[in-house]
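Take a look at the structure below.
The values are calculated or read from the model by the stated rules, or taken from the named source; none is laboratory data. It should be emphasised that the depicted structure is a prediction, and the values quoted were computed from it without experimental measurement. Note: ideal-geometry Cβ built from the backbone for every residue, glycine included; neighbour counts use all protein chains shown. Just so you know, the surface numbers come from the protein's heavy atoms only, side chains and all, with ligands and any DNA or RNA stripped out. Shrake-Rupley method; radii C 1.70, N 1.55, O 1.52, S 1.80 Å.
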Amino acid sequence: MAQSNNGVVEPELHEIVLHGHRVSYRTAGEGPVILLIHGITGNSAQWGQVIPALAENYTVVAPDLLGHGQSAKPRGDYSLGAFAVGVRDLLIALGHRRATVVGHSLGGGIAMQFVYEYPVFAARLVLVSSGGLGREVHLLLRAATLPGAELVLPVIASQRLHGAGFGVAQVLKAFGLRAGSDLEEMARGYASLADVGARQAFLHSLRAVIDPLGQRVSATDRLYLSSLLPSLIVWGRRDPLIPVSHSGIAHRAMPGSRLEVFDDAGHFPQLEEPVRFAQILRDFMETTEPSEFDFNDEDLQMLRERMLEAAAASASG
């Protein structure tokens, strides 16, 4: 575990090979595990400002998803289910039994898929500006699902255009993104698409969850199952990519969930207000008991009852 001169716990960058593919991840700290999952075109560095505070009391694991960052970019499956099994296998390979799962944007969709498919690995669920909670999503992402995006993206990401004073940031401003973390992170992410492997991974990942009309994958019909574990929702009120109204949809559908809205933040509250973000997450960890769902007879009966209650409520409605 690395420490800076002022005693702050700094994350270390590691690599592991899973199923023949290189997976890069950052880790720091000791204690109960917090798994941080970034969004599309993102990477584990987007959690860099909150990891040190969390690592004071917890083991933090932040992977670069396949197709992103320094991880491999194979031709393969980039569905939510494939990402979910990938982070599950990373936890197993690192010797971790259960984790509080924190997902940002696309990572929120992955986190929900993970909790739904592998509840025995999930202690808590945290959604940050998450996808999968409503149809609305920024035109920028819908446009990237259109036929021909494969031809346009390398032009936008071209270093030659950057040198001429054009390129990613200018295009994003034209789509209405404001200066600040939203513009900087999206520009950085789209610039990474100059790499053909990253570009193909981006298109496959995006088209798995979004079409020209908006988000086409929704978890709202199963959010009632989140009552099986503590859940927290964090959003920026000024989010231009996924509207803050989706946080309310999730909060109402997730029994017992907590909701925190950052009035001055956009799509990346963990970057715009990292101290507050880390404090909220630490408080959530300290004031909730982790789920211990284990697929024994009692847990399966509880799951069955929740499903039947939801079915009855749907039928009567």
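The table that follows gives values for the structure above.
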quantity	calculated
Among the residues listed as Ala123, Ala111, the single one being crowded, with 23+ Cβ neighbours inside 10 Å and part of a helix (DSSP H, G or I)	Ala111
All strands (runs of 3 or more DSSP E) inside segment 1-91 with 1 or more residues being surrounded by fewer than 18 Cβ atoms within 10 Å (Cβ to Cβ)	12-18, 21-28
Residue in segment 289-308 that is of a type in the set (Asp, Glu), touching a strand residue (DSSP E or B) at 6+ places or on another chain (Cβ under 6 Å) and at pLDDT 95 or above present	no
Matching residues in segment 220-249 - criterion: being in contact with a Leu (Cβ under 7 Å, 6 or more places away or on another chain), part of a helix (DSSP H, G or I) and farther than 12 Å from Leu125 by Cα	Thr220, His246, Ser247, Ile249
First in segment 55-70 and among the hydroxyl-bearing types (Ser, Thr, Tyr), second anywhere and in a loop (DSSP other than H, G, I, E, B) and surrounded by fewer than 24 Cβ atoms within 10 Å (Cβ to Cβ), Cβ under 6 Å, 6 or more apart	Tyr58/Gly29; Tyr58/Gly31; Tyr58/Pro32; Thr59/Gly29; Thr59/Glu30; Thr59/Gly31
Residue satisfying all of: in segment 289-317; over 21 Å from the mean Cα position of the chain (by Cα) and not in a helix (DSSP H, G or I); surrounded by the fewest Cβ atoms within 10 Å (Cβ to Cβ) among these	Gly317
Qualifying residue in segment 192-212 (condition: open to solvent by less than 30 Å² (accessible area, probe 1.4 Å), among the β-branched types (Val, Ile, Thr) and within 22 Å of Ser71 (Cβ to Cβ))	yes
Top-ranked residue of segment 240-252 - restricted to ones that are at pLDDT 95 or above and not β-branched (Val, Ile, Thr), ranked as farthest from the chain's Cα centre (by Cα)	Arg252
Filter pass, Leu271 being within 26 Å of Gly39 (Cβ to Cβ), at pLDDT 95 or above, open to solvent by 20 Å² or more (accessible area, probe 1.4 Å) and of a type in the set (A, V, I, L, M)	yes
Residue within segment 134-154 that is under 16 Å from the mean Cα position of the chain (by Cα), open to solvent by less than 30 Å² (accessible area, probe 1.4 Å), modelled with pLDDT of 80 or more and more than 18 Å from Gln46 (Cβ to Cβ) present	yes
Identity of the residue in segment 178-188, surrounded by 14 or more Cβ atoms within 10 Å (Cβ to Cβ), among the aliphatic types (A, V, I, L, M) and more than 14 Å from Ala144 (Cβ to Cβ), that ends up modelled with the lowest pLDDT	Leu183
Candidate set: segment 215-240, residues that are small (Gly, Ala, Ser) and closer than 17 Å to Gly39 by Cα; chosen: the one least open to solvent (accessible area, probe 1.4 Å)	Gly236
Evaluation of Val261 against (1) over 19 Å from Ile110 (Cα atoms); (2) at pLDDT 95 or above; (3) within 18 Å of the chain's Cα centre (by Cα); (4) not in a strand (DSSP E or B) (one fails), failing number	(4)
Residue identified as in contact (Cβ under 8 Å) with a residue 12 or more places away in the chain, open to solvent by 60 Å² or more (accessible area, probe 1.4 Å) and part of a helix (DSSP H, G or I) among Arg282, Arg252, Arg276	Arg276
